[in-house]
1. Can you list the helices (runs of 4 or more DSSP H) found entirely within segment 1-98 that contain at least 2 residues being without any contact (Cβ under 8 Å) to a residue 60 or more places away in the chain and crowded, with 17+ Cβ neighbours inside 10 Å?
2. Examine segment 56-73 for a residue that is in contact with a helix residue (DSSP H, G or I) (Cβ under 6 Å, 6 or more places away or on another chain) and more than 30 Å from residue 211 (Cα to Cα), and state whether such a residue exists.
3. Exactly one condition in (1) in contact with a helix residue (DSSP H, G or I) (Cβ under 8 Å, 6 or more places away or on another chain); (2) surrounded by 12 or more Cβ atoms within 10 Å (Cβ to Cβ); (3) without any contact (Cβ under 8 Å) to a residue 24 or more places away in the chain is not met by residue 170; state its number.
4. Out of all the residues in segment 128-159, which are open to solvent by 50 Å² or more (accessible area, probe 1.4 Å), among the hydrophobic types (A, V, I, L, M, F, W, C) and under 20 Å from the mean Cα position of the chain (by Cα)?
5. Of (1) in a loop (DSSP other than H, G, I, E, B); (2) within 17 Å of the chain's Cα centre (by Cα), residue 123 satisfies all except one. Which?
6. Going by the structure shown, is residue 108 modelled with pLDDT under 95 and assigned to a loop (DSSP other than H, G, I, E, B)?
7. What is the residue count in segment 126-155 for residues that are touching a residue at least 24 places away in the same chain (Cβ under 8 Å) and outside any helix (DSSP H, G or I)?
8. Among the numbered criteria (1) among the β-branched types (Val, Ile, Thr); (2) at pLDDT 95 or above; (3) out of contact with any His (no Cβ under 7 Å at 6 or more places or on another chain), which one does residue 32 miss?
Amino acid sequence: MKPIRIVKIVIDALMYLSFLLLMGQHLASGAIHEWLGIGLFVCFLAHNALNYKWYKVLFKGKYTAQRGVQTAVNLLLMISFIACMVSALMISGSVLREFRIPGTMMLGRKLHMVSSAWCFVLMSLHLGLHIREPKGKAQKICFYIVTLSASVYGIYHFLVRRFYEELFLLTEFKAFDYDKLLIEYLFETACISALFVMLTFLFKKISKSLKEKRRNEKKS
């Protein structure tokens with residue numbers, strides 16, 4: 001594996017783990033939360049710099065359904081990420097408090113809640129468009145058993161946590177379960193992420209199958 005590929009994998013893994021930790025603000029709050037956010041932003045910039053070629057071909061070539069969805073997800077993710085960072089400056093109470101914009105605390109709280117929720121969902125959708133199905137039969141079976149089980153468990157916690165309220169700003173404050181251990185919260189959050197990962201992964205798989213079917217029909 002090429003060194004640049006290893007660097008990309010490490011950065012993406014750090015981004016994902018950071019996001020899981022940041023979603024549990026009650027377990028890593030204050031300065032820890034803000035430093036994690038800063039680290040995530042640095043990884044985000046590095047990720048975009050390492051994938052600069054995507055921007056070079058943005059307006060080139062034909063747009064298929066899959067490419068259209070991928071482009072939309074990427075652009076929306078970028079917008080929500082910027083909104084998340086701006087709102088973080090508006091509500092910072094420790095590391096970035098000197099840069100805080102006066103009189104914007106309530107607006108910042110609402111913007112940060114909804115933008116971070118959409119960042120989490122769009123990041124998961126983005127991941128689903130890039131993961132690959134294992135080649136071996138046994139590996140495929142294990143892959144689908146694990147991911148689909150995690151997705152079903154993710155649906156349950158998506159509803160229990162009322163995560164949809166954050167996405168559509170149906171509440172002004174997030175509700176946390178302070179009795180849960182960090183590892184338990186991270187696992188549940190990862191399962192919610194798996195739900196959205198599988199949505200775009202299955203979309204990509206179906207799109208590929210339909211494309212191959214049309215190609216075979218043309219040949220025949």
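1. Result: 3-23, 30-50, 65-91.
2. no
3. (2)
4. 146, 148, 152, 155, 159
5. Result: residue 123 fails condition (1) only.
6. So residue 108 fails the test.
7. Of the residues in segment 126-155, 3 are touching a residue at least 24 places away in the same chain (Cβ under 8 Å) and outside any helix (DSSP H, G or I).
8. Result: residue 32 fails condition (2) only.
The values are calculated or read from the model by the stated rules, or taken from the named source; none is laboratory data. Values in this document were obtained by computation on a predicted structure and should not be read as measured data. With ideal geometry, Cβ positions are generated from the backbone for all residues, glycine too; neighbour counts draw on all protein chains shown. Each accessible area value is taken on the protein alone, full model and side chains, heavy atoms only, with ligands, DNA and RNA left out. Shrake-Rupley method; radii C 1.70, N 1.55, O 1.52, S 1.80 Å.
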